[in-house]
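Please treat every number below as a calculation from the coordinates, not as lab data. All values reported here derive from a predicted model rather than from experimental measurement. Using ideal geometry, Cβ is built from the backbone for each residue, glycine included, and neighbour counts are taken over all protein chains shown.
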Amino acid sequence: MRTALFADVLDELQSYLPEGVPAWAVVAGVGLIVLLVLFLLLRSLGLALFGRRKKQDAWDHNLDIDLDSCPLPTRPVGERRLTVYHQPARVRLVVVAPIGREADVDATAVEKLLDKVVPGLGTAVQQDRPKVRVWPSQMSHHGFTASFHRHTPKAASRGEPSRWVLLAGRAQAGRQQLMIGLGLWVDEPSTIDRVNLESHQWLDVLRLVPVS
């Protein structure tokens, strides 16, 4: 039925064409043009979507951090020592990023900002002298935490004991909101691994306790 209908259409089309021009060739040519137009439209749509994604992630370029290159603390612990989930720890990496298009972070004032997030944290950073990085302004909380963990690979697989504990999340430093990533070096291997935090959780996870 369909074959007969198609044949009738070709016969009808042939009656309008010059002699020697087969109707099937015209139909095939129109089909190819339609496919080409669809391909170009889909390609343009794909470039728009992926091009926009690439632009959004441009800040994420070349931010890899080699954890092994982060300096080990050489100074002794001060009067109070940092703990993460009650485990003694030293600071080997600090990553800070502002939130919002107009926000900014002064690289020379990172310790003061950290003291506003967790009282005494800035002093611990000053004592431990970790690697400090200021990343570009962030539009997304989840984007920062995902990028921080992606750019700080470590040798131990997830779930395996490691002396690295990596924290990332949004924090409140007085009136300023910012994103923070910390690479902590615990005294004993732990399976804590990587943790994402909200603003109110930093004080629960990090403590400064007197050295006995």
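Details
- Restricting the calculation to Cα atoms, every distinct pair contributes to the Kirkwood radius of region 65-210, found to be 15.1 Å.
- Kirkwood radius for region 121-206, taken over all pairs of different Cα atoms as the inverse mean of 1/r, rounds to 13.9 Å.
- Taking other C-beta atoms within 10 Å as the exposure proxy, 82, 93, 67 rank 67, 93, 82 from fewest upward.
- Going from the fewest other Cβ atoms within 10 Å to the most, the residues 131, 112 appear in the order 112, 131.
- Cα-centred dipole magnitude for region 141-212, charges only on beta-carbon of K, R (+1) and D, E (-1), debye, nearest 20: 260
- Evaluated at q = 0.17, 0.23 Å⁻¹, the base-10 log of the normalised Debye intensity for region 93-144, with identical point scatterers placed on the Cα atoms, takes the values -0.53, -0.89.
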